[in-house]
Every structure is written in structure tokens, then in C-alpha cells.
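Contents: one structure, followed by commentary.
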Amino acid sequence: MRKILLLLTVIIVGLLFISRLFYLQVYKQEAYSLYEDTAIRKVFDYPKRGYVYDRNGKLLVANQPSYDVMIIPREVESLDTLEFCQLLKITKEDFLKKFNRAKNYSPRLPSPFVPQLSKKDYAVLQEKMRKFDGFYIQKRSLRDYQTSIGANVLGDLGEVNQRTIEKQPYYGLGDLIGKQGIELSYEDVLKGVKGIKFIQKDRFNKNIGPYKEGQFDTLPRPGKDIKITIDAELQKYGELLMTNKRGGIVAIDPSNGEILALVSGPSYNPNLLVGRSRSKNFTELYRDSIAKPLFDRGLQAQYPPGSPFKVINALIALQEGVMTPTENVSCRMGYYYGSRKLTGCHHHRSPVDMNSGIALSCNAYFVTAYRKIIDNHPDTGKGMNIWAAHAKSFGLGDYLGYDLPVGQKGRIPDGDYYDRAYGANRWGSTYVVSNAIGQGEVEATPIQLANMVAAIGNRGYYYTPHIIKEIEGDTIPSKFTTRRQTTIDKQHFEPVVQGMLDVYNLGTAASLRVPGIDICGKTGTAENFINIDSVKTQLTDHSIFVAFAPKDNPKIAIAVFVENGYWGSRFAGRMASLMIEKYINGTITRTDMENWILTHSLENEYAKPYSGKPFRINGETTLQVIDKIQPPKDDDINNSINIITNRSKL
């Protein structure tokens, strides 16, 4: 019995060994098992990253060759460290740091030692690489930005971090990945797929040729080319206008939601974030906490929308049936609640109907309309919720769902918001009248305002703004071709559109008209506060302008926001009119406006909070200057001087 048991044991063990060998020799020959074999060297072949073109086919982003010095720590033998460091232009301390980093990552696997060598450095090093065992050169490509514009749109590439490697095994140490802009949003489309070669090594660790005659090698699959919606010439012009200013310009084609220009000021040359100097340059840009060049103001900056928001209140009032286009409202330099003045207003004729209320930007008219909307319901909170739902249907107060990786949702307050702030049933419409004129708790990003005015130009619908126009061999997501309807009926838009047209004809933008183009617009001014030494200080107001053109079947909708730009028509209005003319006509006839914008800087305004001097404009305080400004230059610069004081009393 013991002999039989021993024989069976031998047979079973033998079968196990035979099965294991059969499995290893026959079944486990797939390429993935080779990654663990220390006798086989893996060499990646990096694909061509997809090119990026503007809407007119102009090449914006291409590739350029780059060379990484790779290291396999266990294969490194004695070498002339001084010579090697001189060739790589690094110090001995850098050498030791990089070596230890690679060794900690893996003694057996290759990792980048010095990435992204230039052609010149590669040519010098290539001839001497045979002297340095354990090191080899791997070719890859870097981005070559064929333009100096659109850094916030195009984005950049950077090395993957360990967290990304753990989540996405496709990437390895030293691989590049999109970090911002479309490089990040469309990383999966642009990157392609790496190829790989398996090289057999002998017992002396020398390469002896392809493993299994290259049957497991794969070729790289190039990334797909894409065409984006940006008009490179319009983008360039917008960035020129934004020189020495801070703010955002967003232009959209209302007929399809394509983003024509996405300007953030100040900007930077995207080529600064390419190559071995990327880390240094990125750090300098990141640490600029004053100008914030990496902060995309077109998508991320949340501002009070000011008077452009008045047109939303006009539309809601019409939809809810609480106002008619011909109804008149008296204005006594502001809106009064009993004997108390809740908002100021500039001097203009009175009374005003909806058309002249929009054209002249009368605060009293829109506070009246707003209060009628809210107070049309016995429950103030319900009235507030209805108002908020209408406003949100224009894409305000929420992320728009566009295809760029950053953004803010803005804010449209509702009844619950004020119940939390004041307590349920302890507030009324007089508490929140600042919302009527785009101040108070309402906030919006420039892209939201551009989308809002696109919906008005379309008389009630919009397409989700997007940056992608074409993908090689593929289609763009259907959400970008789906029409989104607002809650306002089409017939209510015409009175508002006519009022916006009259902003140019006889209102606050009369000096900004462009010959031959019917532009519908709205000026705006938003108060601007900052904490200086823990004291809330009022700075020069922001300049805002929204518009679409032409009046019927618009080709462009635009929002311009210029920080510390005084009032709507001073900076933002001029810039919007010039952008519209540039896009529609291709040339500029209003060279007077262009010259004014290009020769006027706001850098002095931005320096004031950091100068250590009392904040003054031409020797006077901000409010003293505001009191002297008269229309039609300013539509609502006085619009809420009294709001903050009065709200605490109500």
C-alpha cells in the first residue's frame, strides 16, 4: 500500500510539473507575461499625438522630436560620472537624486533619467552612450505649438504622477499626459496607443535581438487629429485687445454653440510649458497670485453680471404676465420703498417702458418688474423659486456641460437660499432687490453670459457651448448638437431684442455703433470690493458688456468682462463691438475705438491695492468720482450704492 501511495505521489507531482511547464511554454506566451521577465528588455514606441487645427483648418498644435535618457538601475556599471553629468548638463547631486529615484521606482524596469533632450543635446550624447551601461535613449515627441495664443484653450502636457499611474496602468513613469485645456479634455482622442518591442538579453545582460523574432511586438497607433471651434484670428484679436487688462471674452456661434473665442487676460505663450523648462515656467506662472495667468477668467471667474442680467428679468416678467412691454414705470433717480431709497439710478427721462428701460438701463423699472415677479405669489419663497427656475433655464447658476476641464457654476439664489440666510417666512422681495439689477447674490461666469445672450438671440433656445468641431474618423458627442429650450415663450423675446437694439441706437452704447451691422447689446457695471488689511474696500467698478449680431439670425454672441474697467461702455463695450466687427466683416472700420483700447492700460488700477497708498482715482475717492459720472457713458454705476446699507435695515 505504501509503495502504491508513493508511486501515486510521484506521478501526481510529475503531472503537476508537466502541466506547469506546458502552461508556461504553450499558453503563457502572450505579450503581457513578458513584462515580468527580467531577461527581456521592453522598449516603448511612442505614437504621434494628434494634431489640433482651428475651425478654418489652421494648424495650431503639432509635434516635435524629443529624446529621453532612460535608466535601468541594476544594469548601471562604473562610469565617469563627471563626464556624464557634463553631457547631460546636470550636477552630481542631481545625478544621485535621479538615480535613487529611479532605483526606488524599480531596479529592473526602465524609467526616465533626464527627459526631453533637445536635438542638439541628443546629437552630442548619442555618440558616447555606448560608454554608459544601464542607460539608453528613447525617442518620443513633444508638443510644438504653432501659435502664441490660446494657452488657456490649448492647454499643455506634463509628466503623469503616481496616482494617475495607479488608476490608469497604460501610463508609466515619465509618460506625458494632458494637464489643461483640450490636451486634458481630449487626452483619450489625442494620445494614441504606445507600441512596444521586446528585446532578448543574454546571461551577460547584453541585447541579442528581438524576442521570438518580434512576434509579440506591436506598432504604435497614432492619435486622432481634431479640429476645434476657435477662430484663431478672432482669438488673437481678442487677446490683443485684452493687453494690459484682466478679464474674459467669450464669443459663441448661437446657431450651434461653437465657441469662437475664449480669451482670458492676462495670458501666456503656450510654448513656455514645453520641454525641460516647463517645470520652472509653470512654477513662475502658478506663483503669480496677483495677475493669475493660469486662472481662466472666461470659465472660472464668477462676477456679478450687473445690468446685462436685467434682460432676464424683463423676459421673466413677460412670461409670468406681471408686466407688458408698454407699461410705464416712473424713476426718481432710483427705486423707493416708501420713503427709503433702495437703489440709485442715473439721470434719464421718466417714465420708461420696457424698451426704453432696457435702452437706458433704468434700475427703478427692473426692480419694479422683479418685485412683481416675486410678489405674484402669496408665498415669497415660491415666487423666488419660479424666478430662479426661469433664470436657470438660460444655463445660469449651473455648470453648462461644455467640454473644457475647468469652470464654475455661478449662482442663482432661490427661496431655500434666503430661508437659510434669513429664516423661513422672515424675508420679502425688498430684501433681495439687488438681484433685479444683477448685483447681490447673483453671480455668473463670462461663458454663462455669452450663452445667455446667445439664447436671447435665438429667441429662446441654445446649444451647449463646446470647443470640439471635428474628430478624425469620429463624430462629436450628441449633447453638443441637441437644442436646449428655455422656459420663456418665443413671442416674449421680440420686445427685449428691440430694447437691446436700441441700446446701440439711442441708449448707453450709442457711441459704439458699427456701420452696417445691427448689434443688440447691453452695458453693465458691477461693484468691486476687496479686503485690504482686513478692511472691505471699494475699488474701481468692473466693465461688462453682452451682445449678439446681427439682430436676426445672429452669427455671434459675446460677453466681455473687464476687471476695474469703470463702466460698461468704457472698455467692455468697445471691445465687444470690435470683436463683432472683426468676426463678421474681417476688418475694422472703427479704428478710433481700436486705437483707444490699444493705448489704454488698466495696470495702474490693478496696482492700487498693493501700492500702500490710499485708494484714489485722480486724487478723489471712488465714490466721489462715481457721483460725478453722468450718462450715457454709465448705465448703472450708481445702481446699488445704497443696497448694502439699506438691506440691513429691512
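Worth a mention:
- Separation of alpha-carbon centers, segment 227-290 and segment 483-526, rounded to whole Å: 27
- Percentage, to the nearest whole number, of Cα pairs in the chain over 33 Å apart: 56
- Of interest is the spacing of the C-alpha centroids, which for segment 379-405 and segment 60-97 amounts to 54 Å.
- A DSSP coil position with no more than 16 other Cβ atoms inside 10 Å describes the following GluC sites (Glu not before Pro) in segment 34-102: E77.
- Of the DSSP H helices in the chain, those that are both long (alpha-carbon extent of 27 Å or more along the helix axis) and hydrophobic (Kyte-Doolittle mean at least 0.5) are 2-22.
- Neighbourhood net charge (13 Å Cβ-Cβ; Lys/Arg +1, Asp/Glu -1) for I488: +1
- Against the empirical curve 2.2 N^0.38 Å, the C-alpha radius of gyration of segment 418-542 lands at a ratio of 1.43.
- Modelled spin-label separation between D518 and R349, with each label point placed 7 Å from Cα along the Cα-to-Cβ direction: 2.2 nm.
- Placing a pseudo-label 7 Å from each Cα along the Cα-to-Cβ vector at Q200 and E166 gives an inter-label distance of 3.9 nm.
- Positive dipole terminus of segment 370-444, leading residue within G397, I437, G410 (C-beta point charges): I437
- Nonpolar atom fraction for segment 311-418, defined as the carbon and sulfur part of the 1.4 Å probe accessible area, stands at 47 percent.
- Here is the tail figure for segment 172-282: Cα pairs spaced more than 16 Å apart come to 75 percent of all pairs.
- Put simply, the Cα atoms of segment 85-204 extend 48, 32, 28 Å along their principal axes, the longest span coming first.
- Summed side-chain charge close to V329 - residues other than V329 whose Cβ falls under 14 Å, Lys, Arg +1, Asp, Glu -1: +3
- Length released on extending from R108 to D416, taking residue separation times 0.36 nm less the Cα-Cα span: 104.9 nm
- Trypsin sites (Lys or Arg not before Pro) within segment 277-349: DSSP coil, no more than 13 neighbouring Cβ in 10 Å: R332, R349
- Cross-link partners of K469 among lysines (Cα-Cα below 20 Å; sequence separation of 8 or more within a chain): K58, K191, K224, K227, K236, K479, K555
- Solvent exposure of the chain, expressed per residue, is 45 Å² of accessible area, with all protein chains present and a 1.4 angstrom probe.
- Pairwise FRET efficiency - E603 versus S511, Cβ, R0 = 25 Å, nearest 0.05: 0.50
- In the chain, helical runs assigned H by DSSP with n ≥ 4 each contribute -39500 (n - 2.57); averaged across all residues and rounded to the nearest 500, the mean residue ellipticity at 222 nm is -9000 deg cm²/dmol.
- Model label sites at R130 and S339, defined 7 Å from Cα along the beta-carbon direction, differ in position by 10.1 nm.
- Each Lys or Arg adds one and each Asp or Glu subtracts one; over the other residues with Cβ under 13 Å from the Cβ of Y417, this totals -2.
- Shape call, segment 535-603: gyration tensor on alpha carbons, a/c limit 1.5: oblate
The values are calculated or read from the model by the stated rules, or taken from the named source; none is laboratory data. It should be emphasised that the depicted structure is a prediction, and the values quoted were computed from it without experimental measurement. When we count neighbours, we look across all protein chains shown, and the Cβ atoms used for this are built from the backbone with ideal geometry, even at glycine. The accessibility values were calculated without ligands, DNA or RNA, using every heavy atom of the protein model including side chains. Shrake-Rupley method; radii C 1.70, N 1.55, O 1.52, S 1.80 Å.
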